[in-house]
Amino acid sequence: RRSGQYTMNHDHSKKIPDGASFDRSGSQDSLDELSMDDYWKELENIHETRGNNHEERVALVVKEPDEGELEEEWLKEAGLSNLFGESSGDSLESMVFLSTLTRTQKAAVEKRVETVTQTMRKKNKQHQIPDVRDIFRLENDSKGKVCDGSEPSAVRTSENKNETLDGTKGNFSLGTDEQKSLLEDMPSSDTDINLEISFAEQAANLKDSSVGKMYKGGGGDTLLPNFRLPKDKTGTTKIGDLAPQDMKKVYSLALIELTALYDILGTEFKQQKAVKIKTKDSGLFGVPLSLLLEQDQKKIPGTKIPLIFQKLIAQIEETTLETEGLLRIPGVATRVKGLCQELEAKFYEGTFNWENVKQHDAASLLKLFIRELPQPLLTVEYLKAFQDVQNLPTRKQQLQALNLLVILLPEANRDTLKVLLEFLQRVIDHRDKNKMTLKNVAMVMAPNLFTFHGLGSKTIEQSEFAMAAGTANVMRFMIQYQKLLWTIPKFIVNQVRKQNTESQKKEKKDKAMKKLLKKMAYDREKHERQEKTPNDTDVPQGVIRVQAPHLSKVSMAIQLTEELKAGDIVARFLSQKSGNVQTLKKEEVFLYEIGGNIGERCLDDDTYMKDLYQLNPNAEWVIKPKQS
């Protein structure tokens, strides 16, 4: 019935005049025919614009991978390529990495290694091919009892529920048992997003119990739940708070975690590969994002969002966000095309006259910019995974998957998406006047982000209605929960801390061995001296030394109390003013946790310092401006 209803809609939507105003205030959150109409009309406008484009763009070809190729690519992306192939001997670092994985994450890695191994055996490649079980056995031997205290192939048997992640009782062991009891202890309501425990582990536990049957979140006909993050005393970590070397680890873990989550929920997770196509190497529209930013950084160093994108948003906002039908009503196609050519010629010279640009035209140009990117804003690799979020069983799992996908986007794509979503939220904030509710905005924007030339067009023909409703729902989620999506889950940050700790231990051991060979007695003494942490030297227990090289008070010993927060320490430093130092405002400087078991982490003001100190006692504490 539904598809028939869509055909009817689609035909009759051609007759709806531009200015027709519907009563859009009805049911804000049901996927009614009317709001789907916005989607089909937008699709038509897109096809119209494409039709006018006489120099038709090369469609992006997605390459069908050979057997095992996807998995091999996946292991490379996850930083585990040394588990197979010529370099398979050199896997000490991978062993450290594997020792920090949860049960479900390990299962995901195992599954891929298995496929690659079988493919290699078939192709009879010459280099050594490890057996999956050996990899995890090897890892157990390398550290006594690394991943499970029992027989080496325990990872294979999920019945072995007593597996803890390592034999030690560290501050952040992530073993299944501990996860289980944590799950039971937490009075988590359906709207609390638990970031302490691996999402895939939560899904596995839900699957085992009957709780999972309680709420189904696929459809879009009810109001979206008010999801929230319970406060974390050791501080919430946002994307951008960590140093690049830790971010690399976060990326690998997010990829493995997302794959594990999709595995548990029975959804296929496939990264897609684009065949390289020739793209424009200068200009504004149809230029790769990275190239555009390179161009812009020559003009304004440090630019993170394409200048044309920023300017189009500013142009739309300058008029007023109260205009009825904003983003829905298209600009005049011929005028938009003319503006497009004129911008290409004059934008960088600064001679383009923005006063001539009408608001609806600017909105059309913004959407055109997104569509014309040679690779989708959500990337070829992950566009399908973003679309597939709609197939996950519960709303909470959909949100968790989106969180991991946002972490996986390249920086330029992620930053641009963030600015877009923030802008869309500002449009929705004026819905009383502009009649653009969350639903309407999602309907209008979904085709621009999800139907991609050469990628989206085929799928749209096949299952149009489901695809439309599904991507519009994913779009709604991204707008509604954008603040949550830029958070790095605590269980991933803890896994990074654990990796760093393990690597440091190994490095220390290696160094100690070398030294021992040189001078045994002298060295042992020196080694013991080094074991003392730098903070122990002049600072009594329960006190930390905070450095602030940019402020007039450059250093202070701070007594830790239960209630002391990062924001309090920054405020204490800023209150100590002296004349000769440039004054920095509260929002310009942050307290950083540096070293110990993390590279560097910018702390949110509500971080309880005593709790964090217990998690990372060897860190140094520095107040400084945030690097852009």
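Take every pair of alpha-carbon atoms less than 8 Å apart whose residues are at least six positions apart; their mean separation over the length of the range 278-374 yields a relative contact order of 40 percent. What you get for the range 344-497, charging only the Cβ of Lys and Arg (+1) and of Asp and Glu (-1), is a dipole of about 680 debye around the Cα centre. On the basis of the beta-carbon distance and an R0 of 35 Å, Glu69 and Thr279 show a calculated FRET efficiency of 0.90. About the centre of its Cα atoms, the range 539-627 shows a dipole size close to 420 debye [charges on the beta carbon of Lys, Arg (+1) and Asp, Glu (-1) only; nearest 20 debye]. In the range 278-374, a dipole from Cβ-located charges (positive for Lys and Arg, negative for Asp and Glu) runs towards its positive end, and of Leu343, Asn353, Gly283 it is Gly283 whose Cα lies farthest in that direction. In this calculation the C-beta distance from Lys514 to Lys586 is compared with R0 = 56 Å, giving a FRET efficiency of 0.75. Across the cross-link table entries Lys273/Lys346; Lys273/Lys483; Lys207/Lys396, which are compared at the Cα atoms, the separations over 24 Å belong to Lys273/Lys346; Lys273/Lys483.
Full extension of the chain between His550 and Lys358 yields a length gain of 64.5 nm, computed as 0.36 nm times the residue separation minus the alpha carbon distance. For Ile488, the residues whose modelled amide H falls within less than 5 Å of its own, excluding neighbours fewer than 5 places apart on the same chain, are Thr237, Lys238, Ile239.
For the listed peptides 326-339, 253-266, 431-444, 550-563, a ranking on the average number of other beta carbons within 10 Å per residue, highest first, reads 253-266, 431-444, 326-339, 550-563.
If only the Cβ of Lys and Arg carry +1 and only the Cβ of Asp and Glu carry -1, the dipole of the range 278-374 around its Cα centre is close to 320 debye. Which residues does the label zone of Ile370 cover in the range 419-444, counting backbone N under 14 Å from a point 7 Å along Cα→Cβ? Correct set: 419-428, 438-444. Where in the range 369-388 is the amide nitrogen less than 16 Å from a point lying 7 Å along the Cα-to-Cβ axis of Lys111? The answer is 385, 388.
Remark: the range 102-115, residue by residue, has Karplus-estimated 3J(HN,Hα) of 7, 4, 5, 5, 4, 4, 5, 5, 4, 4, 6, 4, 3, 4 Hz, where x stands for each Gly or Pro and the curve is 6.51 cos²θ - 1.76 cosθ + 1.60 at θ = phi - 60°.
From Cα pairs below 8 angstrom and at least 6 apart in sequence, can you work out the relative contact order of the range 539-627, rounded to a whole percent? After rounding, I find 34 percent.
Since every read-out is calculated from the coordinates, none of them should be taken as a lab result. What you are looking at is a predicted structure, and each value in this text was computed from that prediction instead of being measured. Here the Cβ is made from the backbone with ideal geometry for all residues, glycine too, and neighbour counts use every protein chain on show.
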